[in-house]
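Worksheet for the structure shown next.
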Amino acid sequence: MIRYEVIIIGAGPAGLSAAIEAAARGLKVVVFDENDKPGGQLFKQIHKFFGAKEHQARERGFRIGERLLAQAVGLGVKVVLGAQVVGIFDNKQITVMIDTQMEYYVGNSIVIATGASENVISFPGWTLPGVIGAGAAQTLMNIYGLRPGSKVLMVGSGNVGVVVGYQLIQAGCQVAAVIDAAAHIGGYGVHAAKIARMGVPFYLSHTIAQAHGTDRVCGATIVEVDQAWQPVPGSEKFLDVDVICLAVGLSPMSQLARLAGCLLQDHPHKGGLVPVCDEYGETTVKDIYAAGDVAGIEEASSAMLQGRIAGNAIACRHGYISRTEFERYHAEYKTSLMQLRGGTFGHDGGEKTQPKHTAEGQPLSQTLLTKGYLDERELTVFPGIPGEAARKQGLVAVLECTQNIPCNPCQDVCPKGCIKVGDKITNLPVMVSSAHCSGCGLCVISCPGQAIFLVNETYADNFAAVSIPYELVPLPVPGSKGMACDRSGAVLAEAEVISVRKNAKSDGTALLTMKVPGQWAMLARFFKPGAALQEG
Amino acid sequence: MYRIENHPILPEFHRGKRVAFLFDGKEYEGFEGEPIAIALRDNGVMVHHYTAKRAEPRGIFCAIGRCNDCVMIVDGAPNIRTCVTPLQAGMKVETQYGTSNEGVTGRQ
Ligand SMILES: Cc1cc2nc3c(=O)[nH]c(=O)nc-3n(C[C@H](O)[C@H](O)[C@H](O)COP(=O)(O)OP(=O)(O)OC[C@H]3O[C@@H](n4cnc5c(N)ncnc54)[C@H](O)[C@@H]3O)c2cc1C
Ligand code: SF4
Ligand code: SF4
Ligand code: FES
């Protein structure tokens with residue numbers, strides 16, 4: 001039996017952060033993960049994260065993962081991979097299966113950071129090869145470089161559905177549709193808008209009726225559902241797809257906490273059965289902590305903070321830091337966590353009903369909630385949208401960020417101080433002085449929501465220049481022609497690429513500037529290469 | 001045919017050397033060290049096994065070793081989760097028909 005001061009189960013953002021925090025204070029820490037690769041969900045996340053600088057906002061998930069791992073290893077944390085923890089017994093003993101061998105460890109403290117498992121739904125044909133989890137799609141394309149198929153139906157419009165939908169397009173797949181049985185898109189509007197402008201239709205109040213095929217998926221039928229979630233006869237639609245991707249929610253993997261004798265409670269808004277924890281993440285069993293998705297489905301950014309909070313508490317309990325030091329760190333992490341938990345989509349504990357207005361009082365865009373894009377007419381009330389007078393003066397940045405999400409890189413990166421979010425990071429970004437905007441484009445390439453555009457209505461007679469963030473291959477070259485599309489992906493007019501800028505800071509996001517007929521300046525938000533007029 | 005050669009965000013994928021393996025007696029190619037399931041899917045193989053009771057086809061579902069839908073017979077051993085088993089040169093991979101996997105399959 002090998003003893004460690006801290007045993008951490010799960011090498012995702014929560015587990016690694018707890019390990020870093022405890023090891024930095026001098027504790028001897030081991031982390032077990034059943035996977036062959038550390039990082040948990042983070043290594044599949046290739047998009048930029050929301051949050052503030054302290055949450056590593058605008059960093060891509062896998063880079064955050066690389067950094068956490070290097071930090072943990074640098075502090076002497078032992079990370080054991082391919083090691084599945086199968087049991088927890090009295091006195092904090094654990095059984096680990098490593099390469100078909102059982103090994104036994106005992107810890108003074110244990111952190112359960114096992115994350116979540118994906119939910120599934122069943123429907124006729126749901127077991128056919130070609131029906132996969134959203135996590136599987138990410139593993140195939142982002143870890144192994146393999147497209148899961150050619151045309152995909154995404155079931156579920158939460159952040160996972162819309163983010164994986166976007167990543168599928170980046171990998172070269174077509175996304176035929178995103179459907180959801182709910183009447184509103186569950187994910188952030190800015191995430192939905194990224195794929196809506198690439199022409200992906202959203203079908204809300206729809207469910208999947210059937211996956212077709214005998215030994216693999218060769219199509220799907222979707223159907224509208226009424227308010228009682230019953231199928232509406234005659235509303236069936238056939239979609240020609242070879243992959244059906246399920247993104248219908250996550251459930252905390254709390255089995256080990258149950259084995260350890262921790263009290264569990266059913267929390268619908270935390271995703272299911274979760275261990276009851278105090279504010280430090282300690283469960284009802286002394287010295288056993290839970291952090292991250294296992295304690296309630298949230299995000300990597302909050303998982304990291306929960307890990308830190310637990311690590312800090314453990315260090316104090318065992319006398320590695322003074323009470324005052326502990327309290328100072330705890331206050332810092334707690335504040336940071338509460339910042340993330342605010343806003344429209346926040347996890348601050350209360351039951352969420354679909355709000356009708358932003359915290360600032362603007363009516364939320366209904367097209368954004370049902371179709372995934374902003375209607376131009378709904379746009380003008382938001383504080384990030386420069387009015388006609390400002391646009392007449394020349395180049396302006398347009399912040400199409402209209403929901404209270406925890407995010408502020410736009411304010412952070414603007415060298416001219418044009419953008420203000422304020423202390424509360426869920427505030428809507430405000431364009432405070434568009435006259436000072438230099439057109440540097442830093443806000444455009446940094447915005448994790450890809451919700452910022454540069455518009456120059458004075459570019460040339462009858463023509464405007466519109467700059468958009470662009471993350472697809474092949475990268476269009478200056479001078480090439482294509483189609484300017486509106487926020488729904490519908491083709492507006494021919495457009496010409498003026499410039500394509502990409503640098504180390506943009507981390508793969510290019511700033512593409514296109515020339516469009518002047519009247520489309522406030523509509524054109526996507527560039528589709530190729531001259532032929534196509535349907536959006 | 002499903003390999004991503006050029007990705008807008010990710011640098012090159014670290015792939016092992018090209019190796020040959022046998023699937024149901026026919027020779028296929030994949031990259032050494034990648035999961036067998038990846039090499040199969042790249043070659044268009046979707047069905048990994050058929051369930052015992054109803055002979056229903058199953059293929060990759062979770063891709064992280066949790067659902068058991070991707071089990072096959074590998075070098076004679078049944079119930080091998082191909083999504084987490086690295087491909088090696090000369091491996092003999094076979095479609096599994098029912099039997100021993102019954103009861104462990106995630107999606108019955
Ligand atoms: C598509 C998608 C997009 C996302 N986008 C964002 C985003 O933009 N911003 C953001 O902040 N968050 C995002 N998230 C959420 C984020 O990935 C998760 O909230 C976060 O990874 C949870 O961290 P964790 O450490 O709790 O769990 P995980 O990352 O799931 O890690 C848990 C680890 O525990 C291991 N494990 C489980 N059981 C055992 C066992 N018995 N023995 C040993 N090891 C075990 C697992 O192998 C895994 O590695 C996204 C998630 C998805 C799916
Ligand atoms: S383009 Fe540059 S100067 Fe203008 S708002 Fe964005 S970051 Fe600020
Ligand atoms: S506009 Fe600002 S607050 Fe909104 S998503 Fe972009 S960076 Fe975040
Ligand atoms: S696909 Fe689920 S175990 Fe392999």
Residue pairs within 8 Å by beta carbon, gap of at least six or interchain, first lying in the stretch A:254-269 and under 21 Å from residue A:86 (Cβ atoms), second in a helix (DSSP H, G or I) and open to solvent by less than 20 Å² (accessible area, probe 1.4 Å), listed first then second, are A:254/A:294; A:257/A:294; A:264/A:257
Taking the stretch A:208-243 and keeping residues open to solvent by less than 40 Å² (accessible area, probe 1.4 Å), assigned to a strand (DSSP E or B) and either over 24 Å from residue A:187 (Cβ atoms) or more than 14 Å from chain B (Cβ to nearest Cβ) (or both) leaves A:208, A:209, A:220, A:221, A:222, A:223, A:225, A:239
The condition from (1) at pLDDT 95 or above; (2) among the hydrophobic types (A, V, I, L, M, F, W, C); (3) open to solvent by 30 Å² or more (accessible area, probe 1.4 Å) that residue A:23 misses is numbered (3)
Only one of A:7, A:46 is buried (at least 23 other Cβ atoms within 10 Å of the Cβ), in contact with a Lys or Arg (Cβ under 7 Å, 6 or more places away or on another chain) and either more than 23 Å from residue A:342 (Cβ to Cβ) or of a type in the set (A, V, I, L, M) (or both), namely A:46
Filtering the stretch A:123-171 for residues that are within 25 Å of residue A:39 (Cα to Cα) and within 12 Å of another protein chain (Cβ to nearest Cβ) leaves a count of 23
Of (1) touching a strand residue (DSSP E or B) at 6+ places or on another chain (Cβ under 9 Å); (2) open to solvent by less than 40 Å² (accessible area, probe 1.4 Å), residue A:299 satisfies every one except (2)
A careful count of residues in the stretch A:26-43 that are assigned to a loop (DSSP other than H, G, I, E, B), open to solvent by less than 50 Å² (accessible area, probe 1.4 Å) and in contact with a strand residue (DSSP E or B) (Cβ under 6 Å, 6 or more places away or on another chain) gives 2
Filtering the stretch B:46-64 down to residues that are more than 8 Å from chain A (Cβ to nearest Cβ) and surrounded by fewer than 22 Cβ atoms within 10 Å (Cβ to Cβ) yields B:50, B:51, B:52, B:53, B:54, B:55
Here the residues within the stretch A:22-63 that are among the β-branched types (Val, Ile, Thr) and closer than 14 Å to residue A:300 by Cβ are A:46
Out of (1) at the interface with chain B (Cβ under 7 Å from one of its Cβ atoms); (2) surrounded by fewer than 23 Cβ atoms within 10 Å (Cβ to Cβ), the one residue A:120 does not meet is (1)
For strands (runs of 3 or more DSSP E) lying entirely in the stretch A:414-491, having 1 or more residues that are under 21 Å from residue A:393 (Cβ atoms), touching a helix residue (DSSP H, G or I) at 6+ places or on another chain (Cβ under 8 Å) and open to solvent by less than 10 Å² (accessible area, probe 1.4 Å) picks out A:452-460, A:463-470
Counting only residues in the stretch A:133-183 that are assigned to a loop (DSSP other than H, G, I, E, B) and in contact with a Ser or Thr (Cβ under 8 Å, 6 or more places away or on another chain), the one surrounded by the fewest Cβ atoms within 10 Å (Cβ to Cβ) is identified as A:183
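The values are calculated or read from the model by the stated rules, or taken from the named source; none is laboratory data. Owing to the predicted nature of the structure, the values given are computational and were not obtained by experimental measurement. Every residue, glycine as well, gets a Cβ built from its backbone with ideal geometry; the counts of neighbours run over all protein chains shown. For the accessible areas, the whole protein counts, side chains as well, though only heavy atoms, and no ligand, DNA or RNA atoms are used. Shrake-Rupley method; radii C 1.70, N 1.55, O 1.52, S 1.80 Å.
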